[in-house]
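Below is one structure, written out as structure tokens; the observations come after it.
All of the numbers you see were taken from the coordinates with simple rules; none came from a lab. Worth saying up front: this structure is predicted, and the values here are computed from it rather than measured. No Cβ is skipped: glycine too gets one built from the backbone with ideal geometry, and neighbour counts run over all protein chains shown.
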Amino acid sequence: MRFSSIIAGVFAVATVVQSSPVTKYTPFYDTCGSVIDNTTKVYVLQNRGWGEPHAIGDKHDGYYPMAATFHVDGGYACKFYNEATRGIGSLIGQYYGLTDGNFGDNWAAFYECWKVKEGDEITSDAITTTDPKDVSLASQNAYPPCGYVYSVECGQYSLNESGKGKMQNFEINGESYMPIWYHVSSHCDCRFFSSLTTRFGPELLKQVKGTAEGDFGDKKSASRYDCWIRT
């Protein structure tokens with residue numbers, strides 16, 4: 001075989017290799033909470049580590065989503081920031097899970113979340129000047145709530161452990177509300193039911209094993225639930 005033919009073959013192979021698509025590596029981040037904006041859209045918070053602020057959501061018409069409420073899962077801590085002229089602005093607050101809250105008059109645009117150690121005491125939920133990776137979760141003798149639900153009219157409320165088969169109505173001070181979205185924590189299983197009753201009992205909308213979140217399907221709302229600790 002001629003030397004020129006060999007060289008041509010090498011370049012042909014090299015061309016194929018260089019033009020082959022490169023698979024982009026996408027890192028996996030565990031979910032550690034959520035934010036709901038003023039239009040009831042839900043944004044998932046991810047554990048990207050301390051020192052890695054990230055936008056809560058993409059800009060639309062030049063503005064970040066207007067976050068209204070937040071939820072931080074147990075075992076995590078999160079910081080939320082305003083937007084500045086050139087990116088990340090001032091710190092709104094630092095919160096340790098399991099906790100829920102709202103941003104008041106602040107427009108939260110960025111966040112960072114990280115894991116915290118279990119078993120030790122947190123002295124305060126206030127903003128600290130120490131590296132938050134050294135701050136640990138408060139010890140707990142009882143399980144935290146099994147998660148939370150969100151309704152348009154009432155906002156965000158906790159799912160309590162009722163025990164399997166012991167249904168609870170979605171009520172506040174005797175007034176019923178209809179949640180449209182749920183988050184079930186990792187230590188619990190929950191079932192959600194509609195207000196309808198079939199010959200087999202209450203209509204089951206969803207049976208969920210935590211950690212999980214979502215809606216009830218086909219624009220449905222739940223009227224009752226039961227949750228229990230997974231053994």
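Compute the length gained on full extension between GLU153 and THR39: take 0.36 nm times their separation in residues and subtract their Cα-Cα distance, giving the result in nm to one decimal. Write out the running numbers ahead of the final one.
Values: separation 114, 0.36 × 114 = 41.04 nm, distance 1.18 nm.
The span from GLU153 to THR39 would gain 39.9 nm if fully extended.
Listed by Cβ neighbour count within 10 Å, with the fewest neighbours leading, SER34, SER158 appear as SER158, SER34. Take the convex hull of the alpha carbons in region 143-231; its mean projected area over all directions comes to 5.7 nm².
Projecting label points 7 angstrom from Cα along Cα→Cβ for GLN207 and ILE229 puts them 2.2 nm apart. Testing the spin-label approximation: label points 7 Å from Cα along Cα→Cβ at THR198 and TRP107. State their distance in nm. Each label point is offset 7 Å from its Cα along the Cβ direction, giving 4.7 nm.
Rounded to whole numbers, the Karplus 3J(HN,Hα) couplings from phi for region 213-224 are 8, x, 9, 9, x, 6, 6, 8, 10, 9, 10, 7 Hz, using 6.51 cos²θ - 1.76 cosθ + 1.60 with θ = phi - 60°, and x at Gly and Pro.
Between the beta carbons of LYS219 and ALA55, assuming R0 = 25 Å, the FRET efficiency works out to 0.30 to the nearest 0.05.
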